Amino acid sequence: MDLSIILILAQDGLTNTAIYVLLAVALILVFGVTRIIYIPQGEFVSYGVLTLASLQQGVVPGTVWLLLLMAAVAALMESVRLFSEGALRDLPAALARILLLPAAIALLIHFCAPLRLPLGWQVLLTMLIVVPLGPLVYRVAFRPLADAPVLVLLIAAVAVHFGLVGLGLLFFGAEGVRTPAFSSAQFSLGALTVSGQSLWVYATSLVAIGGLAWFFGRTMYGKALRAVAFNRNGARLVGISPSMAGTLAFALAATIGCLSGVLIGPITTVYYDSGFLIGLKGFVGAIVGGLASFPLAALGALLVGLLESFSSFWLSEYKDVIVFTMVIPVLLWRSLSSVHYEEEQ
Amino acid sequence: MAERLLTVRDLSVRYGKVEAVYGVSLSVERGSIVSVIGPNGAGKSTLLNALMGVLPSRGSVEFCGQDLAKIEVEQRVARGLCLVPETRQLFAQMSVADNLELGAFIRYRRGDKAIRQSLENVYQLFPRLKERHGQLAGSLSGGERQMLALGRALMSQPTLLMLDEPSLGLAPLIVKEILKNISELRSTGVSILLIEQNARAALQISDYGYVLENGAVAMEGASRELAGNPRVIESYLGFGG
C-alpha cells in the first residue's frame, strides 16, 4: 500500500462521508422532531437515482405513480377523518390541498419526460417527484401514530421501508442504474487524481450543510423544528403544531435523500434495494452522534466513510460487516458514559 | 358590565377513574385579572391545562364567544389563549432570544411585521433578559426563567394569559417584582387568569377570585371581599400581614 493508494482510498472515503453526513443529519432531524427511527430514508436515495435514470431514458418514472397513489390514499384518509368528525364542509378544500400539487407534478412530468431535457432540469424534475413523497409518507404512515411509543413508530418505519423497496422493484425492475456524471473533468494534484464528480459531491454536500445550519440557526421555521425536538409540549404551547413540524422534517429528509441519490448516481450502481445499506451507514454516523448531536454525527459519518473505503481495499467482502461492527463499541461507550433520561420527561 | 372573554361551564377533568376537577364554572371579563386560589392538589393546574386543551375535559369552554371543544392546543394559541405552565416548558438548549422569538411563532406565520418591536417591549419589561439574550435558557436562575416564560408568552400577544404559580420557588423580592409585572400587564390590554399558592398576593392584584377545593369551586367573589372573608383568612391567608 503506497501513498497514491492511500490518497485514492481517502478520496473515496471522503466522497462517501459527504453523503453519509447528509443522511445522518436527516435521520437526526426526523428522530428529534417525530421520534421516528427513519429506516426508509435510504429509499429516497435509491428513488432519486432511479427516477433520474428513467428521465434520462425519456420514460415517465414509476415514482410518479407512487406519488399519485400516496396522494390518493392521503386524500381517502382525510375524507374518512372529516366524515367521522362531521366536517364535510371542509372536504373540497382539504382534497384540493392534498391532490392538486401531486397531480400538477404528474402532468408536468408526463409532458417533460419524453423531451430529454438537459441534466440540470432533469435533476430538478427528479426532486419535484421524490421530495413530496416524504411528507406523504409522514401523512399516511406516521401522522395517525403521532402519540405512539418509539417502538411502534420503529415497527411502522420498518413496514414503510419494506413497502417502498417492494414498490421500487415493481416500478423500476431489478436492474441497477448509473446516471451520467455532472462533470467528466479530472484534475491531478501530484500523485492524486481528483474527479470532477467527487468535487461536485463535496461542494454540494458542503453547501447543503451550510444551508441546513443557516436554516436551523437563523430562520423561524428552523428554530421551531429544534424547539419541537427539544420540548414538544413547550413547542405546542407557543403554537407550533407537531404535525406541521413532522411534515416539514419529512420534506427536508426527502430533499436530503433525493439530493444524495442524485450525487452518488454517477459513482455507484444503484438498485431498487441499494438505499437500505446506504441509509444504514448514515444511521451508524447518526448513532455516533447519539441521534442528537450534528457535529458528532458528522464525525461518525467521516469514520464510517473512511473505514468503508479502506476496508474495501483490505477485506472487500467484509467491508459492510466492519462498518456495522463499529456500532457495537460506540453503543457500549454511549450506554456506559451517558446519563439515561426517561422519554418525554 | 364588561365583555365576557372566557366562559367555562360545568368543566370536569378525569385522570383515569379519578375526577380531578368537576363541575367548575368560571368566567373572565376582558381586561380583568382573575385569580384561582386553593390548597395543593385542589386541581388548579389541571384546570388550566384543560382550558389550554393539553388535557381532555368535559363541559363547555367558550373563548371570545367561540366554543373551544374541538380546537387543538396550537389553534388555541393562535386564537389568543396562552398558558405559562408550572413547569415553564422553556427550550432549555436554546438561547433566551430564540425562546422569545419562538413565542411569536404564530404571529410570524400570520406575517406579522411587529415582532421585533414586541421583543424590544419585552426587553424593556425585563431588562435582565436583554442582558442575557445570548445565554441558553437552561442556564438561567429560577427568577430569570420565570421572566423568560412570561416574556415568551407575551410575545404571542395573547388576549388571555393563564399563569400557573408564577411565584413558585422564587425569593420573596423576586415574587414581588413578578407580581408587579403581572399587574402592569393589565394596562397593555391583556386579561389574566392567575393561579397562586400565595393567596394574599394573588387577591391583592386580582379583581375577582375563585377558591378551588377538592376539584370544585368552594367560594367566589370580588377579590377584596374574599380577602376579608373569615374562612378564606383562616385557611389561606393566615394571621398578620
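The values are calculated or read from the model by the stated rules, or taken from the named source; none is laboratory data. None of these values were measured; they are calculated from a predicted model. Neighbour counts run over all protein chains shown; Cβ positions are idealised from the backbone, glycine included. We work out accessible area using only protein heavy atoms, side chains counted, and drop any ligands, DNA or RNA first. Shrake-Rupley method; radii C 1.70, N 1.55, O 1.52, S 1.80 Å.
Go through the residues of region A:211-218 one by one and say whether even a single one is facing chain B (nearest Cβ under 8 Å), out of contact with any Ser or Thr (no Cβ under 9 Å at 6 or more places or on another chain), assigned to a helix (DSSP H, G or I) and of a type outside the set (Phe, Trp, Tyr). Within region A:211-218 (the criterion being facing chain B (nearest Cβ under 8 Å), out of contact with any Ser or Thr (no Cβ under 9 Å at 6 or more places or on another chain), assigned to a helix (DSSP H, G or I) and of a type outside the set (Phe, Trp, Tyr)), the answer is no, since none of the residues qualifies. Looking across region B:77-87 at every residue that is within 14 Å of the chain's Cα centre (by Cα) and not aliphatic (A, V, I, L, M), the one that is most open to solvent (accessible area, probe 1.4 Å) is identified as B:THR87. The residues on offer are A:SER195, A:SER243, and the sole one that is within 14 Å of chain B (Cβ to nearest Cβ) and over 17 Å from the mean Cα position of the chain (by Cα) is A:SER243.
When you look at B:GLN135, is it in contact with a strand residue (DSSP E or B) (Cβ under 7 Å, 6 or more places away or on another chain) and over 24 Å from B:LYS176 (Cα atoms), yes or no? For B:GLN135, the condition - in contact with a strand residue (DSSP E or B) (Cβ under 7 Å, 6 or more places away or on another chain) and over 24 Å from B:LYS176 (Cα atoms) - is met. Here B:PRO56 passes the criteria (1) within 13 Å of chain A (Cβ to nearest Cβ); (2) crowded, with 16+ Cβ neighbours inside 10 Å; (3) touching a residue at least 24 places away in the same chain (Cβ under 8 Å) except the one numbered (2). Determine if region B:206-229 includes at least one residue that is closer than 21 Å to B:LEU48 by Cα, touching a Pro at 6+ places or on another chain (Cβ under 9 Å) and at pLDDT below 90. Among the residues of region B:206-229, not one is closer than 21 Å to B:LEU48 by Cα, touching a Pro at 6+ places or on another chain (Cβ under 9 Å) and at pLDDT below 90, which makes the answer no.
Considering every residue within region B:68-77, establish whether at least one is assigned by TED's automatic domain parsing to the domain that holds B:GLU19 and on the phi > 0 side of the Ramachandran plot. Scanning region B:68-77, I find no residue that is assigned by TED's automatic domain parsing to the domain that holds B:GLU19 and on the phi > 0 side of the Ramachandran plot, so the answer is no. Every condition in (1) open to solvent by 20 Å² or more (accessible area, probe 1.4 Å); (2) within 14 Å of chain B (Cβ to nearest Cβ); (3) under 18 Å from the mean Cα position of the chain (by Cα); (4) under 29 Å from A:PHE324 (Cα atoms) holds for A:PHE230 except the one numbered (3). Residues that are assigned to a helix (DSSP H, G or I), among the aliphatic types (A, V, I, L, M) and away from chain A (no Cβ under 13 Å) do occur in region B:123-142, at least one of them. Would you confirm whether or not region B:164-178 contains a residue that is in contact (Cβ under 8 Å) with a residue 60 or more places away in the chain, on the phi < 0 side of the Ramachandran plot and buried (at least 23 other Cβ atoms within 10 Å of the Cβ)? Looking for residues that are in contact (Cβ under 8 Å) with a residue 60 or more places away in the chain, on the phi < 0 side of the Ramachandran plot and buried (at least 23 other Cβ atoms within 10 Å of the Cβ), one finds at least one in region B:164-178, hence yes. Taking the condition basic (Lys, Arg), within 14 Å of chain A (Cβ to nearest Cβ) and touching a Gly at 6+ places or on another chain (Cβ under 6 Å), does B:ARG76 pass? For B:ARG76, the condition - basic (Lys, Arg), within 14 Å of chain A (Cβ to nearest Cβ) and touching a Gly at 6+ places or on another chain (Cβ under 6 Å) - is met. For A:ALA253, the test of being open to solvent by less than 30 Å² (accessible area, probe 1.4 Å), assigned to a helix (DSSP H, G or I) and closer than 30 Å to B:VAL77 by Cβ is passed. The residues listed here are A:GLN11, A:GLN41; of these, the one that is more than 23 Å from A:LEU119 (Cα to Cα) and touching a strand residue (DSSP E or B) at 6+ places or on another chain (Cβ under 7 Å) is A:GLN11. Annotation: B:PHE105 fulfils all but one of (1) more than 25 Å from B:GLY31 (Cα to Cα); (2) at pLDDT 95 or above; the unmet one is (1). A single member of A:LEU108, A:LEU128, A:LEU124 is assigned to a helix (DSSP H, G or I), free of Cβ contacts under 8 Å to residues at least 24 places away in the same chain and surrounded by 19 or more Cβ atoms within 10 Å (Cβ to Cβ), and it is A:LEU128. Against the numbered list (1) surrounded by fewer than 19 Cβ atoms within 10 Å (Cβ to Cβ); (2) in a strand (DSSP E or B), B:VAL34 comes up short only at (1).
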